[in-house]
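Engineer: Just dropping this structure here.
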Amino acid sequence: MKVVVIGGTGTIGSAVVEQLGQRHEVVVVGARGGQHQVDIEDIAQVRALFSKVGRVDAVVVAAGALHVGPFAELTPEHFHVGLRGKLMGQVNVALVAQEFLNDGGSITLTSGVDTEHPIRGAVAASTANAAVEGFVRAAAIELPRGLRINAVSPTVLQESVHLFGGLFTGFEPIKGSRAALSYARSVDGAQTGRVYRAW
């Protein structure tokens with residue numbers, strides 16, 4: 001299969017690229033690196049990306065900005081970071097990708113463990129992640145041509161503990177390679193409307 005991995009130069013994305021690359025042709029897309037670059041918050045850029053890449057069999061998104069900070073200090077703009085980045089960025093990809101996916105193709109988005117296990121400082125992040133999961137469940141019943149859509153909800157990665165470990169006290173970090181298996185289940189499997197929990 002031909003698989004586009006957006007966010008493929010990041011920590012989770014690079015693990016996904018390595019996992020899927022064992023079986024498939026992978027097109028690596030990043031904000032600044034990779035074979036192609038895109039800002040997923042700009043749907044025109046997303047459409048230009050797919051116009052260049054052409055027909056594909058699967059799309060994975062492991063990207064999207066979020067805000068982390070104490071609830072008492074949050075403003076609407078802090079929520080907009082995740083709503084524009086993590087939610088609408090991924091929605092933009094799904095809206096465009098459906099036109100470029102071959103019959104039976106799949107879309108895999110990314111939420112996060114804080115959707116079900118809230119952590120301090122992540123109210124805005126949890127809100128956006130939960131919305132991603134709601135979008136996936138709803139879109140799954142309307143996609144045509146046998147297209148599928150799922151999400152992966154990863155916990156903190158071992159490779160990222162030095163950056164985010166303080167937020168995830170009591171959580172068991174997992175290797176990026178383990179998280180990547182959930183993306184492989186979505187891409188190579190047959191289910192739709194599912195949230196794969198990588199934790």
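The values are calculated or read from the model by the stated rules, or taken from the named source; none is laboratory data. Just so you know, these numbers come straight off a predicted model, no measurement behind them. Note that we place each Cβ from the backbone using ideal geometry, even for glycine, and neighbour counts take in every protein chain shown. Protein only, heavy atoms only, side chains kept; ligands, DNA and RNA dropped before computing areas. Shrake-Rupley method; radii C 1.70, N 1.55, O 1.52, S 1.80 Å.
Engineer: Can you compute 3J(HN,Hα) from phi for each residue in the range 192-199, using the Karplus curve 6.51 cos²θ - 1.76 cosθ + 1.60 with θ = phi - 60°, rounded to whole Hz and x for Gly and Pro?
Structural biologist: Ordered by residue, 3J(HN,Hα) equals 9, x, 9, 10, 8, 8, 9, 6 Hz.
Engineer: For the Cα atoms of the chain, what angle does the longest principal axis make with the long axis of helix 43-53, in degrees from 0 to 90, nearest 10?
Structural biologist: Once rounded, the angle reads 40 degrees.
Engineer: Now for a separate question. Roughly how many whole Å is it from the C-alpha centroid of the range 172-199 to that of the range 36-97?
Structural biologist: 20 Å
Engineer: I would also like to ask the following. Once amide H atoms are placed 1.01 Å from N in the peptide plane, what residues at a sequence separation of 5 or more from V27, or on another chain, have their amide H within under 5 Å of its amide H?
Structural biologist: V3, V4, V5
Engineer: Under a plain spin-label model, where a point goes 7 Å from the Cα along Cα-to-Cβ, how far apart in nm are D103 and R145?
Structural biologist: Going from the D103 label point to the R145 one covers 1.0 nm.
Engineer: Express in Å², to the nearest 10, the accessible area of D103 obtained by rolling a 1.4 Å probe over the protein heavy atoms while all chains stay in place.
Structural biologist: 120 Å²
Engineer: Within the set of other residues whose C-beta is less than 13 Å from the C-beta of R84, count the net charge using Lys and Arg as +1 and Asp and Glu as -1.
Structural biologist: Net of charged neighbours comes to -3.
Engineer: Please compute the length gained on full extension between K2 and Q22, using 0.36 nm multiplied by the number of residues separating them and subtracting their Cα-Cα distance.
Structural biologist: Extra length available between K2 and Q22 comes to 6.0 nm.
Engineer: Within the range 1-103, list the trypsin sites (Lys or Arg not before Pro) lying in a DSSP loop whose Cβ has at most 14 other Cβ atoms in a 10 Å radius.
Structural biologist: For trypsin sites (Lys or Arg not before Pro) across the range 1-103 that sit outside H, G, I, E and B with at most 14 neighbouring Cβ atoms in 10 Å, the list reads R23, R32, R55.
Engineer: If you don't mind, another one. Enumerate the amide H contacts of S106 below 5 Å, restricted to partners 5 or more residues apart or on another chain; note that Pro and chain-start residues carry no placed amide H.
Structural biologist: Excluding prolines and chain starts, which carry no amide H, the hits are A58, V59, R148.
Engineer: How large is the convex hull of the Cα atoms of the range 31-137 per residue, expressed in Å³ as a whole number?
Structural biologist: Enclosed volume per residue, from the Cα hull, is 102 Å³.
Engineer: How much net charge surrounds R47 when only the other residues with a Cβ under 15 Å from the Cβ of R47 are counted, with Lys and Arg +1 and Asp and Glu -1?
Structural biologist: Around R47, the charge tally is -2.
Engineer: Among V59, V96, V17, whose mean-square fluctuation peaks in a Gaussian network model of the chain (Cα, cutoff 10 Å)?
Structural biologist: So, out of V59, V96, V17, the one fluctuating most is V96.
Engineer: Relative contact order for the range 57-161: what percent, with Cα pairs under 8 Å and sequence separation of 6 or more?
Structural biologist: Relative contact order, the range 57-161: 35 percent.
Engineer: In straight Cα distance, which lysines are under 23 Å from K52, not counting same-chain residues fewer than 8 positions off?
Structural biologist: Once the sequence-local lysines are set aside, what remains near K52 is K2.
Engineer: Taking K and R as +1 and D and E as -1, what net charge do the other residues with C-beta under 13 Å from the C-beta of S182 add up to?
Structural biologist: +4
Engineer: Subtracting the Cα-Cα distance from 0.36 nm times the residue separation, let me have the gained length for S160 to Q37 in nm, one decimal.
Structural biologist: Difference between extended and current length: 42.0 nm.
Engineer: Hey, what did the chain get for relative contact order, percent, Cα under 8 Å, at least 6 apart?
Structural biologist: 21 percent
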